[in-house]
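Scroll down for the structure; my scribbles are underneath it.
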Amino acid sequence: MDIKVIAFDADDTLWVNEPYFRRTEEAFCELMSGYLSLRDLERELLKIEIANLPLYGYGVKGFVLSMIETAMRVSQKTISIDVIERILELGKAVLDEPIELLDGVEEVLRTLKQQYRLVVATKGDLLDQERKLKKSGLGHYFHHIEIMSEKDEANYQKLLRHLDIQPQELLMVGNSLKSDILPVLSIGGYAVHVPYHITWAHEQIEHTIENERFKSAENILQVLQML
């Protein structure tokens with residue numbers, strides 16, 4: 001490998017994220033339990049979230065709007081203002097969660113920064129991701145921050161052009177096979193999957209990946225052994 005740049009996903013690769021959404025979803029479903037079963041509420045919320053992605057993108061704000069829309073739909077628009085206020089409170093609580101770095105992250109960044117250009121390549125709400133990066137205290141490790149509306153081949157190609165590198169000079173590290181791994185492999189880059197114990201249903205894939213430029217690690221510290 002002739003790697004010059006190592007890109008890291010942020011949420012659930014550098015710091016904890018998905019558990020906060022799961023906890024909020026559970027609170028929402030409990031709030032709405034008088035209308036549908038837990039499973040049906042989860043299914044309806046996921047369906048509305050995915051339908052809204054082209055409008056709202058990823059992040060807490062879109063999640064809150066999708067919860068409100070779900071509440072309106074399952075209640076047939078009879079939901080009270082008090083419940084909507086409670087949903088807004090749930091969303092604000094997610095935005096106020098502390099940043100909890102995952103084990104080994106800072107050691108990996110400190111070590112790799114001596115030899116490679118490091119970047120953050122994440123998706124989501126711009127303000128929210130900038131806030132989390134600032135609170136994390138990791139910003140000084142990174143040469144560049146790329147916050148994408150969608151992690152697809154076109155946006156990874158755009159990142160390559162910005163960094164002035166070839167695809168084979170990029171290594172992407174992330175927890176999502178769908179967003180962090182497959183698009184990078186498709187454009188000719190290298191990728192390491194570091195799984196997280198919780199993955200949003202929309203980010204899951206059904207097939208296995210067979211590619212000589214792909215590796216899987218049990219934790220982020222193993223990335224050091226792969227280079």
### Query
Looking at region 1-37, which of the residues that are in contact (Cβ under 8 Å) with a residue 60 or more places away in the chain, among the charged types (D, E, K, R) and not in a loop (DSSP other than H, G, I, E, B) is farthest from ALA71 (Cα to Cα)?
ASP11
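So that you can scan it fast, the table gives a plain yes or no per residue for (1) of a type in the set (Asp, Glu); (2) more than 22 Å from LEU224 (Cβ to Cβ); (3) touching a residue at least 40 places away in the same chain (Cβ under 8 Å); (4) surrounded by 14 or more Cβ atoms within 10 Å (Cβ to Cβ):
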{"residue": "VAL64", "(1), (2), (3), (4)": "no, yes, no, yes"}
{"residue": "VAL74", "(1), (2), (3), (4)": "no, yes, yes, yes"}
{"residue": "ALA93", "(1), (2), (3), (4)": "no, yes, yes, yes"}
{"residue": "GLU97", "(1), (2), (3), (4)": "yes, yes, yes, yes"}
{"residue": "LEU118", "(1), (2), (3), (4)": "no, no, yes, yes"}
{"residue": "TYR141", "(1), (2), (3), (4)": "no, no, no, yes"}
### Query
Checking LEU46 against (1) assigned to a helix (DSSP H, G or I); (2) buried (at least 17 other Cβ atoms within 10 Å of the Cβ); (3) not hydroxyl-bearing (Ser, Thr, Tyr), which test does it fail?
(2)
### Task
Assess whether THR70 counts as being among the polar types (S, T, N, Q), within 19 Å of PHE21 (Cα to Cα) and at pLDDT below 95.
no
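Please count how many residues of region 130-139 are of a type outside the set (Lys, Arg) and crowded, with 16+ Cβ neighbours inside 10 Å. Before you say what the answer is, go through the steps one by one.
First pass over region 130-139, keeping only residues of a type outside the set (Lys, Arg): 130, 133, 136-139.
Filter once more, so that each one left must be crowded, with 16+ Cβ neighbours inside 10 Å: 133, 136, 138.
Number satisfying all stated conditions: 3.
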### Message
If I go through region 161-186 residue by residue, how many of them are without any contact (Cβ under 8 Å) to a residue 40 or more places away in the chain, surrounded by fewer than 18 Cβ atoms within 10 Å (Cβ to Cβ) and not polar (S, T, N, Q)?
### Response
5
### Task
With the checklist (1) outside the structural domain of ALA191 (by TED's automatic domain parsing); (2) at pLDDT 95 or above; (3) not β-branched (Val, Ile, Thr) in hand, flag the one item GLU107 doesn't pass.
(1)
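The values are calculated or read from the model by the stated rules, or taken from the named source; none is laboratory data. Everything quoted here is computed from the prediction, not taken from an experiment. Don't worry about glycine lacking a Cβ; one is built from the backbone with ideal geometry, like all the others, and counts go over all protein chains shown.
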